[in-house]
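What follows is a single structure, written as structure tokens, with notes after it.
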Amino acid sequence: MSPRRLCILGATGSVGQAALEVIQKRPDDFSIVALAAGSDDKKLAKLCRLHKPAYAALYDKGAAQRLKRELVNEETVVGGGQESLLEAATHPDCCTVIAAIAGGGGAAATLAAAKAAKRILLANKEALILCGQSLI
């Protein structure tokens, strides 16, 4: 059985970090396709070096530029802005999205993942409240 291919929205937060700890202990069961966060380019750079995702996204475009420079010799493609979160959540190689961005910040990406028929592991209530029936 091939590993479940994941995108983690909110990879630098507490829920994202907890998920990554579990994933790291079960490399035969999970692989990271995309990681997304708000603005912590330093933490996301470390995670990208460790997990080798195909795609990394930062909502903050300035932070995304710093991440891109930091990962210049890596194979990870880096995106910035709201649209990059949508790209991470709908990445064609991803089958499951862990939606762990605090508050409503990840609602649009979570909705995009649902529309792209991705399995969603929802770690906050705000996306459900904001998107409602669209996620069900």
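The values are calculated or read from the model by the stated rules, or taken from the named source; none is laboratory data. Since we're looking at a predicted model, the values are computed, not measured. Backbone-built Cβ (ideal geometry, glycine too); neighbour counts: all protein chains shown. Remember, those area values only see protein heavy atoms, side chains included, never the ligands or the DNA or RNA. Shrake-Rupley method; radii C 1.70, N 1.55, O 1.52, S 1.80 Å.
I'd like to know if segment 44-54 contains one or more residues that are at positive phi and open to solvent by less than 30 Å² (accessible area, probe 1.4 Å).
No; the residues of segment 44-54 include none that is at positive phi and open to solvent by less than 30 Å² (accessible area, probe 1.4 Å).
Would you be able to say whether some residue in segment 57-75 is open to solvent by 50 Å² or more (accessible area, probe 1.4 Å), among the aliphatic types (A, V, I, L, M) and within 22 Å of Ala116 (Cβ to Cβ)?
No: zero hits.
Quickly run through segment 100-112 and pick out the residues that are in a helix (DSSP H, G or I) and either more than 17 Å from Gly16 (Cα to Cα) or without any contact (Cβ under 8 Å) to a residue 40 or more places away in the chain (or both).
Restricting attention to segment 100-112, the residues satisfying the condition of being in a helix (DSSP H, G or I) are 107-112.
Result: Ala107, Ala108, Leu111, Ala112.
So, of the residues in segment 106-115 that are open to solvent by less than 40 Å² (accessible area, probe 1.4 Å) and closer than 22 Å to Val78 by Cβ, which turns out to be farthest from the chain's Cα centre (by Cα)?
Ala112
Within segment 1-31, work out how many residues are among the hydrophobic types (A, V, I, L, M, F, W, C), open to solvent by 20 Å² or more (accessible area, probe 1.4 Å) and in contact with a Leu (Cβ under 7 Å, 6 or more places away or on another chain).
Final tally of qualifying residues: 1.
Give the residue that is most open to solvent (accessible area, probe 1.4 Å), with candidates limited to residues of segment 76-90 that are closer than 11 Å to Ala109 by Cα and among the aliphatic types (A, V, I, L, M).
Checking each candidate, the answer is Leu86.
Regarding segment 91-101, can at least one residue be identified that is at pLDDT below 90, buried (at least 19 other Cβ atoms within 10 Å of the Cβ) and out of contact with any helix residue (DSSP H, G or I) (no Cβ under 6 Å at 6 or more places or on another chain)?
Yes, because at least one residue in segment 91-101 is at pLDDT below 90, buried (at least 19 other Cβ atoms within 10 Å of the Cβ) and out of contact with any helix residue (DSSP H, G or I) (no Cβ under 6 Å at 6 or more places or on another chain).
Take the residues in segment 116-128 that are closer than 16 Å to Ile23 by Cβ and of a type outside the set (Lys, Arg), then tell me which one is least open to solvent (accessible area, probe 1.4 Å).
Going through segment 116-128, the residues closer than 16 Å to Ile23 by Cβ turn out to be 119, 121, 123.
Retained after the next criterion (residues that are of a type outside the set (Lys, Arg)): 121, 123.
Numbers: Leu121: 81, Ala123: 50 Å².
Applying the filter and picking the extreme gives Ala123.
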